[in-house]
1. Name the residues in the range 8-25 that are in a helix (DSSP H, G or I) and out of contact with any Leu (no Cβ under 9 Å at 6 or more places or on another chain), would you?
2. Specify which of the listed residues (57, 48) is among the hydrophobic types (A, V, I, L, M, F, W, C) and not in a helix (DSSP H, G or I).
3. Quick check on this structure: which one of 78, 40 is loosely packed, with under 10 Cβ neighbours inside 10 Å, part of a strand (DSSP E or B) and of a type outside the set (Gly, Ala, Ser)?
4. Answer with yes or no whether residue 28 is more than 19 Å from the chain's Cα centre (by Cα), among the hydroxyl-bearing types (Ser, Thr, Tyr) and not in a loop (DSSP other than H, G, I, E, B).
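Quick note: the coordinates plus some simple rules give every number you see, no bench work behind them. Being a predicted model, the structure only gives us computed values, none of them experimental. Backbone-built Cβ (ideal geometry, glycine too); neighbour counts: all protein chains shown.
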Amino acid sequence: MDYQELSKTFYKSSSTDRFAELDEQARYRRAMPSSFDLGLETPNGALFIAMPREFSFSMSRFFALREKSHRLCGPFLLLLRRH
């Protein structure tokens, strides 16, 4: 998936109405499940973070593996700390 910054999308656009295209792209990204509203308003609109689905999936998998390894190694770490 080609997920570029909005500024790059704006300047690469060959459309005659770049601003309308940029607004449409921002609305689309903001509505995605992997977008997170920061709750901050600016003169240009609300701030949000949009992550590609692949990245958010990788992060959730990483945290699941980290939790699993912590459960498996936790008792051994406690023994090492006591001695």
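1. Of all residues in the range 8-25, those in a helix (DSSP H, G or I) come to 8-12, 18-25.
Of everything in the range 8-25, those that are in a helix (DSSP H, G or I) and out of contact with any Leu (no Cβ under 9 Å at 6 or more places or on another chain) turn out to be 8, 11, 12, 18, 19, 20, 21, 23, 24.
2. Numbers: 57 fails: not in a helix (DSSP H, G or I).
Being among the hydrophobic types (A, V, I, L, M, F, W, C) and not in a helix (DSSP H, G or I) holds for just one of 57, 48, which is 48.
3. Working: 78 fails: part of a strand (DSSP E or B).
One residue alone meets the criteria, 40.
4. Numbers: more than 19 Å from the chain's Cα centre (by Cα): no; among the hydroxyl-bearing types (Ser, Thr, Tyr): yes; not in a loop (DSSP other than H, G, I, E, B): yes.
Against the criterion (more than 19 Å from the chain's Cα centre (by Cα), among the hydroxyl-bearing types (Ser, Thr, Tyr) and not in a loop (DSSP other than H, G, I, E, B)), residue 28 does not qualify.
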